[in-house]
Structures are given as C-alpha cells and as structure tokens.
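Comments concern the structure below.
The values are calculated or read from the model by the stated rules, or taken from the named source; none is laboratory data. As the structure is a prediction and not an experimental result, all values here were calculated from the model. Every residue, glycine among them, receives a Cβ derived from its backbone with ideal geometry; neighbour counts consider all protein chains shown. Just so you know, the surface numbers come from the protein's heavy atoms only, side chains and all, with ligands and any DNA or RNA stripped out. Shrake-Rupley method; radii C 1.70, N 1.55, O 1.52, S 1.80 Å.
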Amino acid sequence: LKWRVPVLDAPRAPATMYLGQESWSQGQGAGRSLNASRPQTPRSAGAAAAAAQKPGAEVGDAVSITLSGCKDGVVGPILRGSYALDTLNHGRPAYRKVAQEAKGKGLAVVLYFWDDRDGPAASGWWMSPKVGAEEVWAFHPNAAARTPPTTGWRVPFNAAVDPTVRITAAAQQGQQPGQRAGSKGNAVRPPAMNGKAQFQPQSEAQEAQRLQRQKQMEEEARKKELKQQQLAEHRAANAIRSTLQKATFPMVANWDKLLAEIQEVVKKELPKCGAQKEKLQEEIERGLTAAKKRAEEAKEKQKEQEDQRQERLRKRTGLLAEWAELVAAAEVTAKELREVAGRAGDLTSETDLSDYEQSVEEALAAARAKGTACADFLRSNSAAMHGEPKKPPSKEANDPASKAPTLEELCKRASWCTREVELCQVLLKQRAEAARRRVRAAATASKLEAVVRKYDKDRDGMLNRKEVSNYASGEFKVTLEAESLDLIFKAVAGPDVQGIRCEDFHSLSVAVGIAREKIADRKKRELRLEREKQLAGTKTALEDKEKEASSAMLKAQETLTSTEAELKELSAKNAEMKSAALLEEVTRLVESMKEAKDNIAETVAAIERIGAEVVPDLQVWWQARVVALNAVAEKQGHRISAVSASLAKLRDGVRRKQLQEVQKHRREAIGILKRHQRAKNVNAEEMFALVDSKKDGHIDEGEFLAIFSAVDSDEAAGSRTPPSPEDLKRLFAYLVEEEEGDVIPKSSFISMIRVYMKVVKDIAMTDGLTIQGSKALRRLDVGEVVEVVEGPLEEEASSLKRVLVKAQKDLLVGW
C-alpha cells in the first residue's frame, strides 16, 4: 500500500510501509509514528538502542531485531540471534529468526503476539517454533505493548523474569545516522526532514511474497466484511421471526400490545435484512393474518368456555346447597348423640341399663346413616364441586344472611360430624360400662345384705363366732376351726370386738376364702407326701430292674475288653501262625463280638420295656437314666464296630494267606504226582487209573490221600516242604470247592497232572520212539506248545530221552 504521510516542511510524498504497519506503529509515542503530523528528528542507531533499554520500552517499527543474553543453558542458544519482520498476528508484528542462524541450531523461532481469545492468562508475547505452537520457550505478559518489549522476558516461559534477556533494534556497520536496520543489510530510512520515507525491497522474491501476502489479506478483509454483513442480515431476520413467533399463540388480552411490538420491530429491523427483505415481508403478512385469525378463534373459544364455566358454577352452587342440608342433618344427629351420652349417669337398674343401651344403638345408627349419606354425596359429586377458581368477594358476600357455605367449610363440618360420632361412640361405651359396673355393684351390695340378714339370727346387725362358722359352712362348704375363727376375728373385727359388722362383710368373705385355701393346701400337702413316698418305692423297684437289665451290657463290656486284648495279641502273631489256626481264632472272636452286640441290644430292649411301665410323675427322672444308658450303649456299639472292622480286615488277610498256602500245597502235590508219574512211566490216563482204586471214574478224599501215602520218600523229597495230611485235606477241600462237589472228576485230575512243554529249538516229530526207521511227521517250531503224553523215555540206540507229545497247534501226536 502507498500511504500519503503529511509533513510540516515538505509536500506530501508517498512512503512505503508494510501492510498493517500503520496499526501497530500508532501509539508508540511522539516522533515514533511513520504518519506523524510533524517532522521527525533523525536519530542514530545507538540512541535508539539506548531508548529501548528503558523500563517498558519496545523495539518500535524496527524491521530487524537482535536478542541477546539469557542465563538458561538450554533455551539461550535457541533464542539468541537476529530476527527479521515476517508477518502480522492478531494485529501486531511477528518476527522470525534469520534462516542462516536458525539453520545452525536446527530449530525455527518465531516471536509473535497472542490476544485474550483464550483468556487473559494466554495474552502477551510468545516465542515458539511456530505461531500458536504447544511448545514455547519465552513469554512476556505485557499485552498492551504494540511491538515486542525489550526487557522483562520470562525464560523459560514459566520461570521468573530473566534480567539478562535484551531485545534491540539491529544496527549494522556503515549505517548512517537516522537509519534503521533492515533485513539482509538493506537500510530502511525513516521519514526524512524533507518529508519522504522510502523502503526498498531486499529482493524481487521478497517483494513478490509481500504482494502475495497483501493480496491474501485484502481477500480475507473482503470475506470478513461480507460475513459481517450476512451476520447482520441474519440477526435482523431472526429478530423479526422471534417476534412473530410470539403471535403463534397470542393471548386475547394482550393482542393489541403484541401487534404494536411486532410493528415496531419490523420497522426497525426490516431495512437491515438486505436480500431477505421481500421474503420477510411476505412472512410478516402471513404471520399477522394467521395471528389475527387465531385471536378471533381464541375470543370465541373464551366466550364458550365462559358459558360452560357459568353452567358449572350454577350446578356447583346447587350441589353445595344440597350437601349443606345433609351436613346440617348430620350435625343434628351428632348433637343428639352427645345428649344421649349425658344420660348415662341416671341409670339405677338393669332395666334402665337395657333401655339405655338400646337408645344408644338407635342414636349411633342414625348418626352413622347421616354421615354415610354425606360421604356418598361427596364421593359422587366431588368432581363437580371442586376446581372452580376463587374470585374476590363482592359486597353481597359480606352479608351473613346471603353468604352461602363454601366447599371447604362444608368439608370441615362433615369431618367434625364424623369425629364427633367416633368420639361419642367411645364415650358411650365407657359410660355404659361404668353404669353397668355401678348397677352390678348395687346388686352385689343387695345380695350381701341379704346374706347378712340370713345368718344374723339374733338381729343385732353383726355376726358372732357361731354365725360366722355357719356362714363359712353354708356359703363356702368349709368347717372353720377355732384357730381359724380367732385369726378371722382378729384380722377383720379387731381383738376386742365380739361380732363382724355388715360393712366388713367383704373382708369376712376374703378371710373365709383364705382359711378355706389353707385347709385345702394342708390336704394337698398330705396327699403330696403320700405320693412322694409311693414314688420313692417305685424308683427303687425301677432301679433294681435297670440293674438287672444292665447286667447283659456289663457282660458285653467285659467281652469287648477281652476281645480287644486278644485281637491285639493275634495281630502280633499273624505272621507266625498257620492260616487254619488263625482263621479259627478270628472266627471265635467274631462270634464273641456278635454275642456282645446281642447283649447290648437285649439291654436296650429291656430298658424300653421297663420305660413303658414308668408312671408319668417319674418320666423325667427315668428319661435322664435312659439317656445315660443309651450313651454307654452307643459308646460300646462304636467299640464293637471298630473291633468288628479289624476282625473283618484280619479275616480277609487270613483268607488270602490260606489261599496262598493252598496254592503252595497244590504246586507241591502236583509236583509229587508228576514225579510219581515219571517214576511209574505212565501217562495221564494210566496215572488216573492208579489213583482211582474204586474204579468209579472220580477220586474221593480217601483215594486222594492214599496216592500220597503210596509215594516213595524219594519222590516226595523233591518238594521243599511236603504237605502234611492236614494240608492235603485242606487242598482236597479246595479242589472239590472249585468243582462244586465232593469228588474230583477224571477230567479235572488229568488236567491237573497234565504237563506242557515249550519248544525252544526246532526239532522233528516222528511216529516212533526210535529215531532210526521212524517216519518224520513234521517239524516243531520255536515257541510252539505241546502236551506231554508219555515219557520222557530213553532211546537205547542214541541214549537220548524222548517224549511222546501232542501238538496244541494241530493236535498231531508224535515223538
């Protein structure tokens, strides 16, 4: 932009200035403005730098500035250096660190101003990598400064003021007095004394950048002006529409006032609407027409509502009058009920009391009926009598004669009637009860007087000792002793009085009753002592029976103790004893435990039988003894269970041991039989024929034992421990048990002595004993199992032992 700067001593001449520079150069003081109205005195760069050091000083309109100082070792190297005027921010100049210096540190630095749009705390001068950056290095809170302050900077931004930081206008060598430092060494002359101030661009590129920025700022200013104009039109249109909105549902009473307000707003805001003026004019006409129509409809509706209100008011008045009559009738019955309650004190007889109670019931029924009628009427017509708005009282309303009762008053009166009836009901009940007691007391007094007259034979108004005795026997059915009569006369009449007066008759009745109770207590005590004596004898008999029944339990306890000791001893000898003897002992102990368990059960059953004979008076005592006996029985039962479990475990071990012994005897017996078979040189069939002496096709116990008796000692010597006859008997029983019979069948015996062999090396099977001249049947494979039918027999030619076998694979028989 070209600005004409007036001076006093020279013609107006153009002066070159940055866009917006005139705004921040204003207010810098006399002699500092580029468009001042008086000439400026040239100053040297040294004088300008000296002025910048004063408190509150600013750099002014300098194009290039220098920052020096800074004690911070990290931020100082970043900030120190030369800065050139770059742009405007928030209406004030912004400086950027010279590129050559910033490049050496690797960081860009911008010094700029920020207004209070983010709050007063953020307003001031900042130094950061870019405008508005989150990272900042320095801050100056002087928001009033038009250009960067020279001192008072906080480095870092949240620290205290660093007094060593200085910002000065840059001065270069060879600069003439009155010149200011410019970027890249080109001087910018202030307004000279001849009134001319010119600025030469540093280069064509910078001039092009400046013109581009200038064009952008002009475009932004134009857009801003257009936006402000549109905003003003929008506000004016909104003001008119908001006022018209009030007429959407206008009140009939304030329609004229609302119409005047709309006209005033339209007159004021419509000219500001610009292009929207015609459209808004049509909206205003349509809105007012619709509003007038709605106002007329509202008037008609209001008139209709007023007619309906008057009709409801007439109906409400009639209903209130009708209800007032019902409430008045209920009040009359409530007052009558109160009067009925007051007559209770005049009752003197049962007839009067009965008549009074009947009149009370009738009065209560009438009062309740009136109260129910009032409540039903209110329940049916409550909606019609409620809801009418209150109006200010008229002059006629002050006249008591013409004043009608209100709904609130009638409700209070009806509530009073209800409460009065409830109170009178309670009061009537109390007074009727009091009258009833009074009448009964009078009747009782009359009866007492009649009794006194009945037993007062001498008619002296008192009862002597004989008359009192007759009274006690006649009325209480008790004969008073002389001692009792003395106590009665002493307590009722006094020590020196010879008779009891009528007014002391009640005390006499009490004294006679006490004497009767004492006599009854004495008789009860005698009966109780007699009963206790009988119960003591019954207890003794029950204890004898209990002792007799407990003898079985004591015997079971002794058996249990001895069995526990024997079980402990038997467990210690388990490894030494034979299974037969051990099993016999275990069986005996099991029988002992069964007997002990039966004894305990017998004792418990006997105690239960005795308990059925116990009388009720001794049930508690007997139950305590039963609980103790049951505790002992339960404890012994636990011991029996533990011993039985140990015996069962030991018996299982004995049976396993017995089985092991039988298996051992079986192996030894079969070994003896097989050696005997080889010694006799017979096959299995022939061996069975030798054992089956009776030729009945099976072997009994005698034949089984006889074969072992016939075995030579040499043949039996092959066994480590030849089985004894007892062992052989157990073995025979075991073998018979497997067959589920009492003899050993032939098949089982042959299977028992049958010999199997396994081929460990392949060999030929022949049809004859001798190898020479025999036919080879087939070869036996390694691992093949064969049954020995005969042999081993020695072949004379080769002196080899050969056996006749049956192959299990194909049942082929050969040598």
message = Could you check the stretch 67-93 and list, in sequence order, the residues that are of a type outside the set (Gly, Ala, Ser) and over 25 Å from Ser123 (Cβ atoms)?
response = Lys71, Val74, Pro77, Arg80
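Output the residue which, of all residues in the stretch 612-630 that are under 30 Å from Leu567 (Cα atoms) and touching a residue at least 24 places away in the same chain (Cβ under 8 Å), is most open to solvent (accessible area, probe 1.4 Å).
Step one: list which residues in the stretch 612-630 are under 30 Å from Leu567 (Cα atoms), which gives 628-630.
Filter once more, so that each one left must be touching a residue at least 24 places away in the same chain (Cβ under 8 Å): 629-630.
On the way: Leu629: 27, Asn630: 71 Å².
Within the stretch 612-630, the match that is most open to solvent (accessible area, probe 1.4 Å) is Asn630.
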remark   = Across (1) surrounded by 12 or more Cβ atoms within 10 Å (Cβ to Cβ); (2) out of contact with any helix residue (DSSP H, G or I) (no Cβ under 7 Å at 6 or more places or on another chain), Leu542 clears everything bar (2)
note = Scanning the stretch 246-285 for residues that are in contact with a helix residue (DSSP H, G or I) (Cβ under 6 Å, 6 or more places away or on another chain) and outside any helix (DSSP H, G or I), the one nearest to Leu231 (Cα to Cα) turns out to be Pro250
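If you go through the stretch 526-539 one residue at a time, do you hit one that is within 30 Å of Ser469 (Cβ to Cβ), at pLDDT 85 or above and touching a Ser or Thr at 6+ places or on another chain (Cβ under 9 Å)? Lay out the reasoning, then the answer.
Kept after step one, since they are within 30 Å of Ser469 (Cβ to Cβ), are these residues of the stretch 526-539: 526-530.
Imposing the further condition that a residue be at pLDDT 85 or above reduces the set to 526-530.
Pick out the ones that are also touching a Ser or Thr at 6+ places or on another chain (Cβ under 9 Å) and you get none.
No.
Could you please let me know if Thr151 is surrounded by 15 or more Cβ atoms within 10 Å (Cβ to Cβ) and touching a residue at least 60 places away in the same chain (Cβ under 8 Å)?
Values: surrounded by 15 or more Cβ atoms within 10 Å (Cβ to Cβ): yes; touching a residue at least 60 places away in the same chain (Cβ under 8 Å): yes.
The answer is yes for Thr151.
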ask   = Applying the selection to the stretch 311-357, what residues are of a type in the set (Val, Ile, Thr), surrounded by fewer than 14 Cβ atoms within 10 Å (Cβ to Cβ) and within 60 Å of the chain's Cα centre (by Cα)?
value = none
message = Among the residues that make up the stretch 697-710, is at least one of them at pLDDT 80 or above, over 30 Å from Ile607 (Cα atoms) and hydroxyl-bearing (Ser, Thr, Tyr)?
response = no
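Can we say Leu288 is in contact with a Pro (Cβ under 8 Å, 6 or more places away or on another chain) and either within 30 Å of Glu422 (Cβ to Cβ) or part of a helix (DSSP H, G or I) (or both)?
Numbers: in contact with a Pro (Cβ under 8 Å, 6 or more places away or on another chain): no; either within 30 Å of Glu422 (Cβ to Cβ) or part of a helix (DSSP H, G or I) (or both): yes.
So Leu288 fails the test.
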message = Scan the stretch 270-293 and tell me whether some residue there is exposed (fewer than 10 other Cβ atoms within 10 Å of the Cβ) and of a type in the set (Gly, Ala, Ser).
response = yes
key: Answer from Arg609, Arg588 - the residue that is within 60 Å of the chain's Cα centre (by Cα) and either crowded, with 16+ Cβ neighbours inside 10 Å or at pLDDT 85 or above (or both)   = Arg609
ask   = If you go through the stretch 591-606, how many residues are farther than 13 Å from Lys555 by Cα, in contact (Cβ under 8 Å) with a residue 12 or more places away in the chain and open to solvent by 40 Å² or more (accessible area, probe 1.4 Å)?
value = 1
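Filter the stretch 673-688 down to residues that are open to solvent by 40 Å² or more (accessible area, probe 1.4 Å) and part of a helix (DSSP H, G or I), then give me how many there are. Talk me through it step by step, then tell me what you get.
Pass one, the stretch 673-688, residues open to solvent by 40 Å² or more (accessible area, probe 1.4 Å): 674-675, 678-681, 685-686.
Cutting the leftovers down to part of a helix (DSSP H, G or I) gives us 674-675, 678-680, 685-686.
Going through the stretch 673-688 one residue at a time, the tally reaches 7.
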query = On the given criteria, is Ala633 open to solvent by less than 50 Å² (accessible area, probe 1.4 Å), part of a helix (DSSP H, G or I) and closer than 30 Å to Glu613 by Cβ?
reply = yes
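Is it the case that the stretch 337-352 has a residue that's closer than 30 Å to Leu407 by Cβ and touching a Cys at 6+ places or on another chain (Cβ under 9 Å)? Write out each step before concluding.
So the first thing to find is which residues in the stretch 337-352 are closer than 30 Å to Leu407 by Cβ, and the list is 337-339.
Applying the additional criterion that residues be touching a Cys at 6+ places or on another chain (Cβ under 9 Å) yields 337-338.
The answer is yes, given that some residue of the stretch 337-352 is closer than 30 Å to Leu407 by Cβ and touching a Cys at 6+ places or on another chain (Cβ under 9 Å).
Identify all residues within the stretch 328-350 that are part of a helix (DSSP H, G or I) and modelled with pLDDT under 80; write none if there are none.
Once the filter is applied, which keeps residues that are part of a helix (DSSP H, G or I) and modelled with pLDDT under 80, the stretch 328-350 yields Ala341, Gly342, Arg343, Ala344, Gly345, Asp346, Glu350.
Here is a yes/no grid of residues against (1) touching a residue at least 12 places away in the same chain (Cβ under 8 Å); (2) over 30 Å from Ile610 (Cβ atoms):
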site	(1), (2)
Asp456	no, yes
Glu481	no, yes
Phe505	yes, yes
Lys523	no, yes
Lys533	no, no
Lys555	yes, no
inquiry  = Need pairs with beta-carbon distance below 8 Å; first residue touching a residue at least 40 places away in the same chain (Cβ under 8 Å) and of a type in the set (Lys, Arg) and within the stretch 266-283, second in a helix (DSSP H, G or I) and open to solvent by less than 100 Å² (accessible area, probe 1.4 Å); sequence gap 6+ or separate chains.
reply    = Lys272/Ala232; Lys272/Glu233; Lys272/Ala236
task = Check Leu448, Leu487, Leu508 and return the single one that is surrounded by 14 or more Cβ atoms within 10 Å (Cβ to Cβ) and either among the hydroxyl-bearing types (Ser, Thr, Tyr) or at pLDDT below 80 (or both).
result = Leu448
note = The one condition Arg222 fails out of (1) touching a residue at least 40 places away in the same chain (Cβ under 8 Å); (2) loosely packed, with under 11 Cβ neighbours inside 10 Å; (3) more than 14 Å from Gly287 (Cα to Cα) is (1)
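Out of all the residues in the stretch 539-558, is one or more within 30 Å of Asp727 (Cβ to Cβ) and assigned to a helix (DSSP H, G or I)? Let's see the steps before the verdict.
So in the stretch 539-558, the residues within 30 Å of Asp727 (Cβ to Cβ) come out as none.
Checked the stretch 539-558: no residue is within 30 Å of Asp727 (Cβ to Cβ) and assigned to a helix (DSSP H, G or I).
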Residue tally, condition surrounded by 12 or more Cβ atoms within 10 Å (Cβ to Cβ) and in a loop (DSSP other than H, G, I, E, B), over the stretch 462-478 = 3
task = Please determine, by comparing only the residues of the stretch 570-579 that are among the hydrophobic types (A, V, I, L, M, F, W, C) and surrounded by 15 or more Cβ atoms within 10 Å (Cβ to Cβ), which one is modelled with the lowest pLDDT.
result = Met577
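Do you know which of the residues in the stretch 358-404 that are part of a helix (DSSP H, G or I) and modelled with pLDDT under 80 is surrounded by the most Cβ atoms within 10 Å (Cβ to Cβ)?
Looking only at the stretch 358-404, we keep the residues that are part of a helix (DSSP H, G or I), and these are 358-385, 396-398.
Those still in the list that are modelled with pLDDT under 80 too: 396-398.
Values: Glu396: 9, Ala397: 12, Asn398: 9.
Ranking the qualifying residues of the stretch 358-404, first place goes to Ala397.
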key: Matching residues, the stretch 123-135, being open to solvent by 30 Å² or more (accessible area, probe 1.4 Å) and of a type in the set (A, V, I, L, M)   = Val131
query = Right, Ala324: in contact with a Cys (Cβ under 7 Å, 6 or more places away or on another chain), modelled with pLDDT of 80 or more and either among the small types (Gly, Ala, Ser) or within 30 Å of Phe377 (Cα to Cα) (or both) or not?
reply = no
request  = Go through the residues of the stretch 102-125 one by one and say whether even a single one is part of a loop (DSSP other than H, G, I, E, B), at positive phi, in contact (Cβ under 8 Å) with a residue 12 or more places away in the chain and in contact with a strand residue (DSSP E or B) (Cβ under 8 Å, 6 or more places away or on another chain).
outcome  = no
key: Meets criteria (part of a helix (DSSP H, G or I) and crowded, with 17+ Cβ neighbours inside 10 Å) for Val421   = yes
inquiry  = Among the residues of the stretch 89-117, what is the count of those that are at pLDDT 85 or above and charged (D, E, K, R)?
reply    = 6
